Amino acid sequence: MRIIQKFGGTSVVDEENVALKAIRAKGKDGENDVLVVVSARGKKTDELIKLAHEVNEKPNAREMDVLLATGEQESSSLIAMAVHAEGGKAISMTGQQLGIKTSSVHRASRIRSIDTSRVLAEMGKGNIIIAAGFQGMNELNDVTTLGRGGSDTTAVALAVALDADKCEIYTDVKGVYTTDPRLVPHARRLEKISYDEMLELASAGAGVMHNRSIELAKKFNVPVVVRSSAPDHENDPGTLIGWESGSNSEGVCGVAVVRKEASVTIRGIPYSPAATATLFQKIADRNVVVDMIVQNVPYSGMTDISFSVAYKDLAMTVEAVDEALKEIGVGKCFADNRFFSKLSIVGDGMDVVSSGEANRGIASTMFNAIAKCEDDQGNKLNIHMISTSDIKISVLIEDQEDGRYGRNALTEVHEAFNLGEESTRVEWSQPHSEDRIARNFSRGNARRLLQNMESFLVEDIHVDETQGCVTLIDLADRPGCAAQVFERLRHTADVDMIVQGGGNDDLASLSFTVPANVSAQIAESLRAEGYHVLCTEQFAKITVSGSGLRSDTQVTAHVFSALSEAGTPIEMINTGEVSLSIGVALEHREAAEKAIRRAFGIR
């Protein structure tokens, strides 16, 4: 049996823990081929970053990679020495020695391929391989790093390349929880969770796994087990990440929060895919990962687009937007300098029950829970932005730098969905998974995938013409507004896409889709209550699903460029970790679908 084990920084903090990992690895020796991937010890990476900035306020990215890679090399050599001290056979290996070839984007490289010949030769000698995680080499043989948390990705990538039987991620918690147990003590460990759920939770702030590692695991069908590295938890089962859902009877498996987000809104740009493509291509060229992207249904020939990025990337993003607006010729950028937190609920059950009454209250339950929360002055928290995917609802709320408002909202939402309780578990199915696996590993395709491991893989392009869209414009941007709207819809209709962008002079727009046959009725009832309503009784929702959608910064720009070339206007945009959905007028559906399929080489 061939086993890949990965140990995080807290698992290799001191000599006692280093020896423990060595003994555990040695216990496998002789029976299995073992490769152990390690992170830097404790706060080593932070210490190296601090040291670099003491030397140079803006250190060169290439030199930072050379410096930061030494943290994992230190850990791997120490563990190899500990194995030797116990009489075992081991060899430490750097990313270059492991044969990990990457792109040339320093500090955030992506794995292209792995040459396993050296690793297999050392295994053949009976050596336990102690691999330095987080690193590789580019085409110039320069050291590259994969970004924070990249040792997880190293482990899964090696499991793929070596066709391993197991990939075990050892960490300082017992597995994957319904939320961060350090923030919500009564969070519950999940026995199982699906790849898509884990991807959405990872991007939503669940720091237990690097999102790119899950993308690889899903793409190559590698089961991953997350478990505790503590000696007294050695026999705990942990959490299995695979195809089975972890959602409870309410369709939700977890909630997570990301702090230190920033919000950007572009107002008054043309209702044109060319403008959207230009905007996001400029951002992608700077390798900035855009998180939430929302575009409401346009009116008066213009539209607004809002999105979020990490706060540290705000200045670079504004530069890119200003450059794009100069090319477009119109539009204005509003960058909000406040700190925001993104709060998300995730669950495969949201999608599976989307055509029935069971999930009608999910959005209102979440929004009502947030409406109960207050800031330091006793003011209710306001939802600044809303974005959804088939299995996720995310909101952006104003926060402080330490994220305390987001943590309070996290606790309220976790309680609202009873996630801390042992509830009836429903076996939610994952549609198309068998077809996806068969397509990925068809003859001749596996070799192509292994030569471009972290490239974006389209799994499905789905068109839905059964929905209509309702938009509330000039909506009072105040706390509880979204909760009030969706509470009215709880017993009325199934809601799919929900989009709310940044407010404009205390006014905002809120769009959502419902079954086409009830859209006009819902619009009329909202008008009767005093709302300013637009209604498109039928439109097309085109969803691109795949692995690597958000972490590959060029994919979103690629989709918008394809639509621009086809001259297809976009009415709505909604993003998730595993899917990108756009809404177009029904008369543009065929052209839009053909353009997207052509862009990804799919018939």
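The values are calculated or read from the model by the stated rules, or taken from the named source; none is laboratory data. Note that the coordinates shown come from a computational prediction; the quantities given were computed from them, not determined experimentally. Heads up, the Cβs are rebuilt from the backbone with ideal geometry, glycines too, and the neighbour counts pull from every protein chain shown. The area values use the complete protein model at the heavy-atom level, side chains included, leaving out ligands, DNA and RNA. Shrake-Rupley method; radii C 1.70, N 1.55, O 1.52, S 1.80 Å.
With the charge dipole of the chain set up from +1 on Lys and Arg Cβ and -1 on Asp and Glu Cβ about the Cα centre, the Cα lying farthest toward the positive end among the listed residues Leu343, Met93, Thr179 is that of Met93. For Asp474, the residues whose amide H sits under 5 Å from its own are Ala508, ignoring neighbours fewer than 5 places away on the same chain, with H placed 1.01 Å from N.
Here the contact order of the chain, divided by its residue count and restricted to Cα pairs under 8 Å and six or more residues apart, works out to 13 percent. Gyration tensor over the Cα atoms of region 148-296: the corresponding equivalent ellipsoid has semi-axes (square roots of 5 times the eigenvalues, largest first) of 33, 19, 14 Å. Measuring r between the beta carbons of Asp285 and Glu465 and using R0 = 30 Å, the FRET efficiency lands at 0.30. Taking the DSSP bridge list for region 154-245 and keeping only pairs wholly inside it, about 35 percent are antiparallel. Stretching the chain fully between Arg2 and His186 yields a gain of 62.6 nm (0.36 nm per residue, less the alpha carbon separation).
With each label modelled as a point 7 angstrom along the Cα→C-beta vector, the Glu63-Asp142 pair spans 1.3 nm.
Here region 49-154 is treated as a Stokes sphere of Kirkwood radius computed over C-alpha pairs; at 37 °C and 0.692 mPa s its diffusion coefficient rounds to 229 µm²/s.
Computed from Cα atoms, the angle from the helix 362-371 axis to the main principal axis of the chain rounds to 90 degrees. Just checking my list [x] 151; [y] 196; [z] 166 against volume of the Cα convex hull per residue in Å³ computed from this structure; which label fits? Among [x] 151; [y] 196; [z] 166, the one derived from this structure is [x]. Against the chain, whose longest principal axis comes from its Cα atoms, helix 314-328 is set at around 50 degrees. DSSP beta bridges fully contained in the chain are about 75 percent antiparallel.
For the cross-link pairs Lys218/Lys282; Lys166/Lys219; Lys43/Lys89; Lys166/Lys192, which exceed 19 Å when the distance is taken from alpha carbon to alpha carbon? Over 19 Å apart, Cα to Cα: Lys218/Lys282; Lys43/Lys89. Using only Cα atoms, tell me the angle between helix 61-85 and the longest principal axis of the chain; keep it within 0 to 90° and round to the nearest 10. Here the helix axis deviates by roughly 40 degrees. Each of Ala256, Ser308, Ala284 was scored by the projection of its Cα onto the charge dipole of the chain, and the greatest displacement toward the positive side belongs to Ala284; charges sit on the C-beta of Lys, Arg, Asp and Glu. When the charge dipole of the chain is built from unit charges on Cβ atoms (+1 for Lys and Arg, -1 for Asp and Glu) and taken about the Cα centre, the candidate among Ser364, Gly530, Gly246 whose Cα reaches farthest toward its positive end is Gly246.
Could you tell me how far the Cα centroid of region 72-117 sits from the Cα centroid of region 386-415, in Å? What the calculation gives is 37 Å, centre to centre. One chain, two ends: Gln97 and Arg478. Fully extended at 0.36 nm per residue, the span grows by 131.5 nm beyond their Cα-Cα distance. Enumerate the lysines that Lys541 could reach by cross-link, defined here as Cα to Cα under 17 Å, with residues fewer than 8 away along the same chain left out. Hits, sequence-local ones excluded: Lys392, Lys594. Loop-located trypsin sites (Lys or Arg not before Pro) across region 226-323 with a Cβ neighbour count of 14 or fewer within 10 Å are Arg286, with loop assigned by DSSP. The share of accessible area on the chain that comes from carbon and sulfur is 47 percent, using a 1.4 angstrom probe.
Taking trypsin sites (Lys or Arg not before Pro) across region 68-149, the ones in a DSSP loop with at most 12 further Cβ atoms lying within 10 angstrom of their Cβ are Lys125. Each peptide in 44-50, 577-583, 205-211 gets a packing score, the mean of other Cβ atoms within 10 Å over its residues, and the list from highest to lowest is 577-583, 205-211, 44-50. A simple charge model with +1 on the Cβ of Lys and Arg, -1 on the Cβ of Asp and Glu and nothing else charged puts the dipole of the chain at about 1380 debye relative to its Cα centre. Among residues other than Lys101 with Cβ under 12 Å from its Cβ, the summed charge is -2 (Lys and Arg +1, Asp and Glu -1).
The slack between Ile602 and Gln554, meaning 0.36 nm per residue of separation minus the straight C-alpha distance, is 15.5 nm. In this structure, the residue pairs whose Cα-Cα separation is over 25 Å, taken from Lys6/Lys342; Lys58/Lys260; Lys6/Lys125, are Lys6/Lys342. Across region 492-578, the convex hull enclosing all Cα atoms gives 138 Å³ per residue. Using Cβ point charges alone (K and R +1, D and E -1), the dipole size of region 227-306 about the Cα centre works out to roughly 580 debye.
Please state the shape class of region 205-273: rounded when a/c is under 1.5, otherwise prolate if a/b exceeds b/c and oblate if not, all from the C-alpha gyration tensor. Prolate is the answer for region 205-273, as a/c is 1.5 or above and a/b outweighs b/c. For the chain, leaving out every one of the chymotrypsin sites (Phe, Trp or Tyr not before Pro) that falls in a DSSP loop and has at most 16 other Cβ atoms within 10 Å, the longest unbroken run is 1-440.
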